[in-house]
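Input: a single structure, listed below in structure tokens.
The values are calculated or read from the model by the stated rules, or taken from the named source; none is laboratory data. Just so it is clear, the model here is predicted, and its values are computed rather than measured. Neighbour counts run over all protein chains shown; Cβ positions are idealised from the backbone, glycine included.
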Amino acid sequence: MYSLFLILHSWLRWVAIIGGVGATMAAWTESQRVGADGRADRWGLVLMMALDLQMLIGLVLYFVVSPNTKAILADFGAAMRDPAARFWAVEHIGTMVIAVALAHIGRALARKAATPASKRTRLLVGFGLATVAMIAATPWPGMLNGRPLFRFS
């Protein structure tokens, strides 16, 4: 079961990152006229769905099926002294939760915006910061905690 969740989490990151870049770019290029086509809203919905599913799978990995996390949680103090364990115990999950919150808050604030310009700005800031946070906390190959770009097993 661990491998299945890890594969799903690994592949879904691409949907989340592409959704984040797409939503950010759509917000950047969004027309400021009333009744604009709403590409940023559609990309934002893709981003929200990917992030929510990604977070759900990540939390199942973190709290239920990951043997690495079980070892980390068994001796959290030692994990904080080990940079590799600290990344998984705090940095990865913390930054990703912040990314999810930024995207949701940006989208919620944009819905309440009084003008198209303020809606565009709120979407751009929320989605842009969320995308930067996701990219920063992803375990890219070559990093201390690097993982393959495409996991198959």
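Against the numbered list (1) more than 20 Å from residue 130 (Cβ to Cβ); (2) of a type in the set (Phe, Trp, Tyr); (3) under 21 Å from the mean Cα position of the chain (by Cα), residue 28 comes up short only at (1). Is there a residue in the range 138-150 that is β-branched (Val, Ile, Thr) and in contact with a helix residue (DSSP H, G or I) (Cβ under 6 Å, 6 or more places away or on another chain)? No, the range 138-150 has no match at all. Considering only residues in the range 100-119 that are modelled with pLDDT of 95 or more and among the β-branched types (Val, Ile, Thr), the one that is surrounded by the fewest Cβ atoms within 10 Å (Cβ to Cβ) turns out to be 105. Going by what's in this entry, would residue 144 be described as surrounded by fewer than 16 Cβ atoms within 10 Å (Cβ to Cβ), over 12 Å from the mean Cα position of the chain (by Cα) and closer than 25 Å to residue 4 by Cα? Answer is yes for this residue. Note on the range 7-95: enclosed helices (runs of 4 or more DSSP H) holding 1 or more residues that are loosely packed, with under 15 Cβ neighbours inside 10 Å and free of Cβ contacts under 8 Å to residues at least 24 places away in the same chain are 39-60, 67-74, 76-81. Please enumerate the residues belonging to the range 96-153 that are part of a loop (DSSP other than H, G, I, E, B), touching a residue at least 12 places away in the same chain (Cβ under 8 Å) and aliphatic (A, V, I, L, M). Passing the criteria: only 144. Of the residues examined, residue 32 is not one that is polar (S, T, N, Q) and at pLDDT 95 or above.
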